[in-house]
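First comes the structure, then the notes that go with it.
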Amino acid sequence: MKIHVRNGRLVDPAAGVDRPADLFIAAGRIAGVGAMPQGFAANRVIDATGLVVCPGLVDLSARLREPGLEYKATLESELAAAAAGGVTSLACPPDTDPPLDEPGLVEMLKHRARQANAAHVYPVGALTVRLEGERLTEMAELHEAGCIAFGQALAPVMDTLVLLRALQYAATFGFPVWLQALDPWLSRDGVAHDGAVAARLGLPGIPASAETIALSTLLQLARDTGVRIHLARISSAAALDMIVAARASGIAVSCDVSVNHLHLCERDIGYFNPHARLLPPLRSEADREALRRGLAEGSIDALCSDHTPVDDDAKQLPFAEAEPGASGLELLLPLALKWGGEMQLPLATTLACITADPARILGIAAGTLAPGAAADVCIFDPDGRTTVTRERLRSQGKNTPFLGSELPGRVRYTLLGGHLAFESAASPPA
Amino acid sequence: MRNPQLNAAGGLQHLLTIEGLPREILNEILDTAAPFTEVAEREVKKLPLLRGKSVFNLFFENSTRTRTTFEIAAKRLSADVINLNIGTSSASKGETLLDTVDNLCAMQADMFVVRHASSGAPFLIARHLAAMGYDHIHVINAGDGRHAHPTQGLLDMYTIRHYKRDFTRLSVAIVGDVLHSRVARSQIQALKTLGVPDLRVIGPKTLIPADAEGLGVRVFHDMRAGLKEVDVVMMLRLQNERMQGALLPSPQEFFKYYGLTADKLACARPDAIVMHPGPMNRGVEIDSAVADGPHAVILPQVTFGIAVRMAVMSMLAGG
């Protein structure tokens with residue numbers, strides 16, 4: 001299959017490119033940019049007039065819910081959502097049922113994902129057996145099975161000695177560790193940021209110190225063990241300041257933020273909206289502003305969807321009892337564009353946060369349109385709109401605080417390894 | 001965002017919280033309650049305002065006292081009252097909150113009086129009723145988690161107005177476990193809305209919310225300083241499970257520093273009134289000499305409570 005993407009605006013953040021150029025794809029790879037390679041005869045021509053052609057998006061956290069939680073979502077439903085969102089590579093956290101702590105589970109997941117052939121799936125292996133924070137997993141075996149990093153999702157490692165040993169062991173093999181900073185004691189009963197809204201609504205609070213105290217532990221252990229640590233889903237200005245200071249002192253550390261925390265704050269809980277029940281919790285407006293600036297200035301490395309499909313039965317409950325998380329694969333691009341527009345950033349800078357930057361953290365050769373690279377491409381209409389409704393979301397998880405919103409940008413084509421994984425009409429269906 | 005307890009015309013559809021209710025609606029409730037206090041003194045204590053209506057007391061958390069006052073209020077308005085202690089029935093069989101509500105809607109309910117251990121549960125029910133098109137069914141929040149207990153807040157306002165008349169010149173102190181208290185939140189919002197200029201909360205830091213100033217109150221940790229020259233002292237109940245542990249070392253120490261004694265009450269104005277939402281822990285948050293003394297208006301609160309709940313029910317469903 002040879003594809004000629006004609007007349008588009010080519011944005012390749014890794015190469016600092018933003019110019020009108022045609023793209024030529026053959027044998028699953030980028031065959032040429034700009035001028036047509038010799039002897040190229042397209043099987044299909046995509047007219048990209050008025051459209052942006054960029055690398056397929058890379059998402060650092062998307063829960064597919066397999067194995068074990070198929071009543072919330074299936075690999076097929078969520079990979080279809082990924083393709084519809086222009087996402088061609090995604091990392092999935094280990095908090096499945098059972099957790100991703102055995103090579104067989106990881107091999108099965110990789111196998112199922114290859115069969116679905118809608119996005120590349122990179123599992124994050126469990127750092128400890130059953131995520132219980134007590135015994136180390138067979139990290140080297142899990143790595144061979146396909147895990148690109150190790151983490152705990154939202155499960156804590158209560159015992160700091162176990163945490164130290166786990167980081168040492170991962171560092172032995174050079175495996176990256178992805179962790180969320182959340183002190184299990186300070187966050188134990190909490191469901192919302194311990195601020196004005198929690199005080200008003202009578203919701204048990206999670207103070208920002210739940211993040212900074214855990215972060216302090218992680219940063220010190222990262223320094224002592226030399227492990228490559230990625231701090232997932234940071235939520236407070238204080239945490240960002242600590243990460244910036246740690247980098248200045250020479251600790252190699254990267255971090256990301258979710259689309260939810262980039263756009264929402266504690267006030268968006270409104271009158272107990274269960275879709276705003278998230279972990280880490282939505283924090284103050286000042287925190288959100290710091291995260292928005294941090295991502296623009298590059299002190300936050302990447303933006304992710306933190307896609308977490310939750311079934312209605314687990315969401316339609318009183319706020320504190322509702323399961324945390326929001327669906328987001330299909331909103332990653334629109335919410336990145338919304339932020340980039342509001343911050344008046346060049347399009348290439350905005351797109352780098354969801355392509356080249358997360359690819360670097362994942363350690364994969366994606367997020368680029370360089371000739372020879374795999375032809376993972378997202379083609380979107382920057383002037384189109386994405387209307388967020390239950391009906392239009394392909395994800396099985398209809399749980400998002402952005403339900404009812406109209407967001408900028410509309411994915412038109414997603415190419416995965418040179419084949420068309422998604423295609424949509426120019427205007428939204430009526 | 002529209003306040004979910006008001007209908008499109010700005011009238012009261014549900015009573016879920018005091019927050020966001022305009023002063024006119026609060027005054028209307030208090031004014032409506034006034035004549036109902038006399039009904040209790042008649043030989044026939046009934047009015048026909050809710051005749052033929054079904055009021056379901058949906059108590060997901062046990063509370064004999066609050067349920068009884070709602071039951072009396074509904075019966076004095078001639079409603080049929082059905083009491084459901086869900087804490088001991090459906091929920092323990094695995095039925096969800098909204099399944100329970102759907103079932104009761106199918107039984108032609110007109111009003112739900114809801115008590116639930118989770119903050120916001122009555123909002124979930126109200127949103128669900130709106131989504132299902134049950135616009136004729138009203139919800140009264142009878143206490144949700146730490147969030148709100150609006151009829152308690154209103155009966156407290158009725159009591160203060162009865163004894164003090166003008167809210168706009170008052171100093172009011174709320175004492176005790178503010179952090180976990182739905183009563184305190186409703187009192188604070190009502191007092192702010194009615195124009196109380198000097199509102200204080202008193203308690204140890206473990207029992208005061210992190211951002212209490214954001215609620216519009218001054219925080220005191222020294223009870224004598226906090227009670228200085230106040231007109232109204234509103235005591236809160238301290239739950240047994242919070243009396244010793246990580247929040248407080250012992251009920252004895254709490255009583256010594258935050259229990260209301262005649263000695264500490266002497267810091268307040270000589271004509272100060274003392275209130276308590278009940279049930280009281282004598283010797284923990286309040287000394288018997290004060291609870292039974294001349295400043296206490298704790299039993300009138302209970303009497304006014306029935307009239308205020310009659311007022312709310314008649315305004316919601318009596319039309």
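The values are calculated or read from the model by the stated rules, or taken from the named source; none is laboratory data. Since the structure is predicted, the reported quantities are computational estimates derived from the model, not experimental observations. Using ideal geometry, Cβ is built from the backbone for each residue, glycine included, and neighbour counts are taken over all protein chains shown. All accessible areas refer to the heavy atoms of the entire protein, side chains included, with ligands and DNA or RNA removed. Shrake-Rupley method; radii C 1.70, N 1.55, O 1.52, S 1.80 Å.
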Residue under evaluation B:LYS256, criteria (1) without any contact (Cβ under 8 Å) to a residue 12 or more places away in the chain; (2) surrounded by 20 or more Cβ atoms within 10 Å (Cβ to Cβ), criterion not met: (2)
Count of residues meeting criterion [touching a residue at least 24 places away in the same chain (Cβ under 8 Å) and away from chain A (no Cβ under 14 Å)] in the range B:89-134: 10
Residues within the range B:203-242 that are touching a Phe, Trp or Tyr at 6+ places or on another chain (Cβ under 7 Å) and among the aliphatic types (A, V, I, L, M), tallied: 2
Only one of A:ALA239, A:ALA208, A:ALA222, A:ALA198 that is within 14 Å of chain B (Cβ to nearest Cβ), touching a residue at least 40 places away in the same chain (Cβ under 8 Å) and open to solvent by less than 20 Å² (accessible area, probe 1.4 Å): A:ALA198
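Can you pull out the residues in the range A:357-378 that are of a type in the set (Asp, Glu) and open to solvent by 20 Å² or more (accessible area, probe 1.4 Å)? Step through it out loud before you land on a result.
The initial filter retains those residues of the range A:357-378 that are of a type in the set (Asp, Glu), namely A:357, A:376.
Answer for the range A:357-378, where residues must be of a type in the set (Asp, Glu) and open to solvent by 20 Å² or more (accessible area, probe 1.4 Å): just A:ASP357.
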Check on B:ARG237, closer than 22 Å to B:ASP292 by Cβ and not hydrophobic (A, V, I, L, M, F, W, C): yes
Count of the range A:200-211 residues which are within 19 Å of B:ALA117 (Cβ to Cβ) and in a helix (DSSP H, G or I): 2
The range A:225-236 - residue that is hydroxyl-bearing (Ser, Thr, Tyr) and assigned to a loop (DSSP other than H, G, I, E, B) and, of those, nearest to the other protein chains (Cβ to nearest Cβ): A:SER236
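Residues are listed down the side, and each one gets a yes or a no for (1) touching a Leu at 6+ places or on another chain (Cβ under 7 Å); (2) open to solvent by less than 40 Å² (accessible area, probe 1.4 Å); (3) at pLDDT 95 or above; (4) among the acidic types (Asp, Glu):
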{"site": "B:ALA79", "(1), (2), (3), (4)": "yes, yes, yes, no"}
{"site": "B:GLN108", "(1), (2), (3), (4)": "no, no, no, no"}
{"site": "B:SER119", "(1), (2), (3), (4)": "yes, yes, yes, no"}
{"site": "B:MET132", "(1), (2), (3), (4)": "no, no, no, no"}
{"site": "B:ASP144", "(1), (2), (3), (4)": "no, yes, yes, yes"}
{"site": "B:HIS162", "(1), (2), (3), (4)": "no, no, yes, no"}
{"site": "B:PHE167", "(1), (2), (3), (4)": "yes, yes, yes, no"}
Those residues of the range B:137-182 which are within 14 Å of another protein chain (Cβ to nearest Cβ), touching a residue at least 40 places away in the same chain (Cβ under 8 Å) and at positive phi, in sequence order: B:GLY143
Selection from the range A:47-87 of residues that are crowded, with 17+ Cβ neighbours inside 10 Å and under 21 Å from A:PRO20 (Cβ atoms): A:ALA48, A:LEU51, A:VAL52, A:VAL53, A:CYS54, A:PRO55, A:GLY56, A:GLY86
Strands (runs of 3 or more DSSP E) lying entirely in the range A:1-46 (those with 2 or more residues that are buried (at least 18 other Cβ atoms within 10 Å of the Cβ)): A:2-6, A:9-12, A:23-26, A:29-33
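Rundown of residues vs (1) open to solvent by 30 Å² or more (accessible area, probe 1.4 Å); (2) touching a helix residue (DSSP H, G or I) at 6+ places or on another chain (Cβ under 8 Å), yes/no style:
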position	(1), (2)
A:ARG130	yes, no
A:ARG135	yes, yes
A:GLU138	yes, yes
A:LEU142	no, yes
A:GLY146	no, yes
A:PHE150	no, yes
A:ARG165	yes, no
A:PRO176	no, yes
Any hit, the range A:104-115, residues being within 14 Å of the chain's Cα centre (by Cα) and either open to solvent by 10 Å² or more (accessible area, probe 1.4 Å) or more than 26 Å from A:VAL177 (Cα to Cα) (or both): no
Residue match in the range A:298-320 (condition: in contact (Cβ under 8 Å) with a residue 24 or more places away in the chain, of a type in the set (Gly, Ala, Ser) and within 14 Å of chain B (Cβ to nearest Cβ)): yes
Long-range neighbours under 6 Å by Cβ, at least six apart or interchain, first residue on the phi < 0 side of the Ramachandran plot within the range B:37-51, second in a loop (DSSP other than H, G, I, E, B) and at pLDDT 90 or above: B:LYS46/B:SER78; B:LEU47/B:LEU77; B:PRO48/B:SER78; B:LEU49/B:LEU77; B:LEU50/B:LEU77; B:LEU50/B:SER78; B:LEU50/B:ALA79; B:ARG51/B:SER78
Selection status of B:ILE72, surrounded by fewer than 24 Cβ atoms within 10 Å (Cβ to Cβ) and within 14 Å of chain A (Cβ to nearest Cβ): no
